[in-house]
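Below is one structure; the comments refer to it alone.
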Amino acid sequence: MHPNVDNVAKSDDNIIERKKDRIKKPVYDILSYTMSIAVKMTALANPNHIVIGQLVYDMLDESQKSAFQPINLLNG
C-alpha cells in the first residue's frame, strides 16, 4: 500500500479507493554480480548446450570434464 493512502481520512472510502486505483505497482529487477554473469554465460550457449564456469568445471570428475570444451573469449 502506498504510504499516502494512510494519510487519507478513513471515513471516506471513495477517496481511499480512488487513491488505490492510481497507485502503480513497483517493478522489480534482479540485479547482482551473479545474475550479470548468468546472463552473459547464457548468451554464449548454443541451442541444446550448456555453459558452466571454471569453478563448477573444477569440481567435476574427469569423465564429466571430458564432455565439455573450453570457450576462448579473448580471441573471438
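Structure notes:
- Within the stretch 42-56, residues that are more than 16 Å from LEU73 (Cβ to Cβ) have Cβ atoms under 9 Å from residues that are in a loop (DSSP other than H, G, I, E, B) in these pairs: ILE50/PHE68, counting only partners at least 6 apart in sequence or on another chain.
- All helices (runs of 4 or more DSSP H) inside the chain with 2 or more residues being surrounded by 10 or more Cβ atoms within 10 Å (Cβ to Cβ), at pLDDT 85 or above and not polar (S, T, N, Q): 33-44, 54-59
- Residue that is nearest to the chain's Cα centre (by Cα) [pool: residues in the stretch 48-76 that are among the hydroxyl-bearing types (Ser, Thr, Tyr) and farther than 19 Å from ILE37 by Cα]: SER66
The values are calculated or read from the model by the stated rules, or taken from the named source; none is laboratory data. Everything quoted here is computed from the prediction, not taken from an experiment. Note that each Cβ is placed from the backbone with ideal geometry, even for glycine, and that neighbours are counted across all protein chains shown.
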